[in-house]
Amino acid sequence: MSATTNSEMSNAAEEQGKPAGNSRRVIERLGEIDFDPGALRAKYNEERDKRIRPDGNDQYIEVKGDFAHFVDDPYVEPGFDRAPLTDEIDIVVIGGGFAGLLAGARFREAGLDSFRIIEAGGDFGGTWYWNRYPGAQCDIESYCYLPLLEELNYIPKEKYSYAPEIFEHSKRIAREFRLYDDVCFQTKVTDLSWDEASARWIVSTDRSDRMRARFVVVGTGPMSMPKLPAIKGIDEFQGHTFHTSRWDYRYTGGDHNGKLDRLSDKRVAVIGTGATAIQSIPYLGAHAQHLYVFQRTPSSVDVRGNTPTDMEWAKSLKPGWQQERRKNFNEIVHGKPFEEDLVHDGWTDLYRILADMFREVGDPSLTAEEASQIGEIADFKKMNALRARVDQVVKDPATAEKLKAWYRQFCKRPTFNDEYLPTFNRPNVTLVDTSETAGVQQITRTGVIANGVEYPVDCIVFATGFEIGTSLMRRSGFEIKGMNGISLSDYWADGIKTFHGFWTHGFPNCLVMGPTQKGLSVNFTSILDDQAKHIAYLIKEVKARGRFGQPSLAAETEWVATIRRLVVDNSAFFDACTPSYYNNEGHMAERGGGLTSEAYGKGANAFNALLKQWRDEGALEGIEIY
Ligand code: NDP
């Protein structure tokens, strides 16, 4: 589960809201279009402006203190206990989601067998352990998303897998690579400190462990901390509440497939209409006595069109097919020219439209400005089609109007669903648009207030997403203290500093997985697998050459400069977008950019090629070994 908009398409340098200089010429060359680009730009700006809030990211509260129960694990039996561990292990991996699973799998392959995984949940799976809400599904094609398919000889049942299949696959990886042999579940790391004398990391946890490790791998995931909106009165509500990532089936009844029978006499509010809400609302609508959907910004909802896997096709796949498919997908969604679109779905659709338009224009001498105008027109066409889809499906015209997304497709996470829009034709479902007040106004003891109207409800479901823009340390819940006791928070106070995105000077043998300062792809598991292979190489090499390694200051400085030099400047694009975590809630400049400002600008495939070359040279260039 991740998001990227790091594409050359979204890097369009157009000045939104102003008539584009050569647009007439470009439009003429593209033939007739049946809309007014200027009017659409103006509408997009108007819709953005009413949602931008001065408090930006501060409109959300951290899930701790009085709100800590929102992150309790509803899937384990209470009362688990075990003796604290004080032993030594070669590698401690923090996080048992796909980062930790893939690290473990690749360590086994590399013969690195002394490792332990520490995981907060009661099993492996990470995102797919926590997100069990009804209808949860991965919107990236399963043949690309589910890792290690060839290694495990497994073919997903459908083109888009539902959560139970992905959770099961996580456990399959853990079984096959013997990751259950040494794992600490229901354990949260509280501190990581480098001990100079022994050149070991001391890993402290909330179960009083003080393990020693030569290497630590941090794979805590970019979206692991649920967030709540700081709506006035949120702590006063006397009814039931939960966050979608801790779905309370004891309250709703049913399971992932629905049958939420305990809601039949309940008035339910759901706050949020992002990717999670789009998938779960059809189930809430089907079972609640009445469902109120509180929407601030509509998602764009494209066709899902899920299909069972054609087993004949699966049998015809040649060795290496998954890597090839992933590479192809990464290349296309990075906005690179392509010959063939192997995945051919909603993600790649816009890029196909764009490629067709470029072919239509047929002029290799296009200026950057003209190319960006073509991108904008492709986007307008795509979004017009998605808005028309709302009109086709939703019977009440006023409700349909509110459900239309007025922004460019990659301003927000696009969604794909065939049951969401029809839900609004149900008599027991009410859409409450909160855009005029930039969100829900208040929560009372008995209900939710929007547009001055109180909606009495029995239950509030927060589909309000996860912390993304906050620091690694805040999201993961522990500090990392390196040489001389310096904390990573302090070392990064004026900006993130890494070498290849994995490690930082002064924090030896500490390797961080995730998107930061590395190649990024919307298919997040593919980049995690590439990272896992690289980390296995690094650990093996450091072990062969010395006690510990760290990047030199010079190598780190140069890598940060490389990230800055190559960063795709999409500030104009995102400034024109409706607020979301993609553009730091509409305050791009405040954090030095949006979601992609710390990504390697040439994309995941180029990043992998660069790392491969670095490995092939074999010199660990830029690494100091002690
Ligand atoms: P999001 O952050 O995408 O959505 C949060 C929702 O809460 C938004 O609709 C937001 O409105 C709304 N909201 C927040 N505060 C208020 C308020 N005060 N009043 C009213 N509404 C409010 O979270 P999700 O959990 O939906 O998705 C998070 C990410 O998880 C996705 O972007 C995606 O990357 C990933 N995901 C991936 C899936 C997959 O298939 N691979 C499936 C589900 C999630 P607004 O938009 O106006 O801010």
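Computed from the coordinates by the stated procedures, all read-outs in this text should not be read as laboratory data. Predicted model only: the values in this text are computed from it and were never measured. Counting neighbours? That spans all protein chains shown, and the Cβs are built from the backbone with ideal geometry, glycine included.
Full extension of the chain between GLN613 and ILE61 gives 194.3 nm of extra length, using 0.36 nm per residue less the Cα-Cα distance.
Could you list LYS232, LYS318 so that the one with the fewest beta carbons within 10 Å of its beta carbon is first and the one with the most is last?
On the way: LYS232 13, LYS318 6.
Going from least to most buried by this count: LYS318, LYS232.
Check each of the GluC sites (Glu not before Pro) in region 576-626 and keep only those in coil by DSSP with at most 14 other C-beta atoms within 10 angstrom; list them in order. Kindly include the intermediate steps, with their values, before the conclusion.
Values: sites: GLU585, GLU590, GLU598, GLU617, GLU621, GLU624; in loops: GLU598, GLU621.
Passing sites in region 576-626 are GLU621.
Take 332-342, 243-253 and order them by the average number of nearby Cβ atoms within 10 Å per residue, most first; the result is 243-253, 332-342. In this rough spin-label picture, where each label sits 7 Å from Cα along the Cβ direction, the ALA368-LYS540 distance is 4.1 nm.
Rounded, prolate or oblate, given the Cα gyration tensor of region 22-172, with a/c below 1.5 counting as rounded? Since a/c reaches 1.5 and a/b is larger than b/c, the shape of region 22-172 is classed as prolate. Taken along the Cα-to-beta-carbon direction at a fixed 7 Å, the label points for GLU624 and ASN306 span 5.2 nm. Peptides 356-369, 291-304 ordered by packing proxy, namely the average of other Cβ atoms within 10 Å per residue, highest first: 291-304, 356-369.
Listing MET311, MET211 from fewest to most neighbouring C-beta atoms within 10 Å gives MET311, MET211. For GLU624, the residues 5 or more places off, or on other chains, whose built amide H falls under 5 Å of its own are GLN550, SER552. Given R0 = 30 Å, the distance between the Cβ atoms of PHE35 and ARG262 translates into a calculated FRET efficiency of 0.05. Tell me whether the chain comes out rounded, prolate or oblate; compute the Cα gyration tensor, take square roots of the eigenvalues as a ≥ b ≥ c, and use a/c under 1.5 as the rounded threshold. Judged from the Cα gyration tensor, the chain comes out oblate (a/c at least 1.5, b/c at or above a/b). Rounded to the nearest 0.05, what FRET efficiency do GLU360 and ALA42 give with R0 = 22 Å and r taken as the Cβ-Cβ distance? Could you check? Taking R0 as 22 Å, the efficiency between GLU360 and ALA42 is 0.25.
Extension gain for the segment GLU196 to ALA110, taken as residue separation times 0.36 nm less the Cα-Cα distance, is 28.2 nm to one decimal. Spin-label pair ASP72-LYS395: with each label point 7 Å from Cα along the Cα-Cβ axis, the two points sit 4.2 nm from one another.
Just check region 392-522 against the gyration tensor rule for me: Cα atoms, a ≥ b ≥ c as the square roots of the eigenvalues, rounded for a/c under 1.5, and otherwise prolate or oblate depending on whether a/b exceeds b/c. Write down the numbers at each step before the final one.
Details: a/c = 3.52, a/b = 2.15, b/c = 1.64.
It is prolate, given that a/c is not under 1.5 and a/b is the larger ratio.
Rg over Rh for region 490-626 works out to 1.00, both radii taken from alpha-carbon positions and Rh defined as the Kirkwood radius.
Stretching ALA314 away from ALA589 to a fully extended chain increases their span by 94.3 nm, per 0.36 nm per residue minus the current alpha-carbon distance. A Förster distance of 35 Å, applied to the separation of the beta-carbon atoms of TYR180 and ASP255, puts the FRET efficiency at 0.90.
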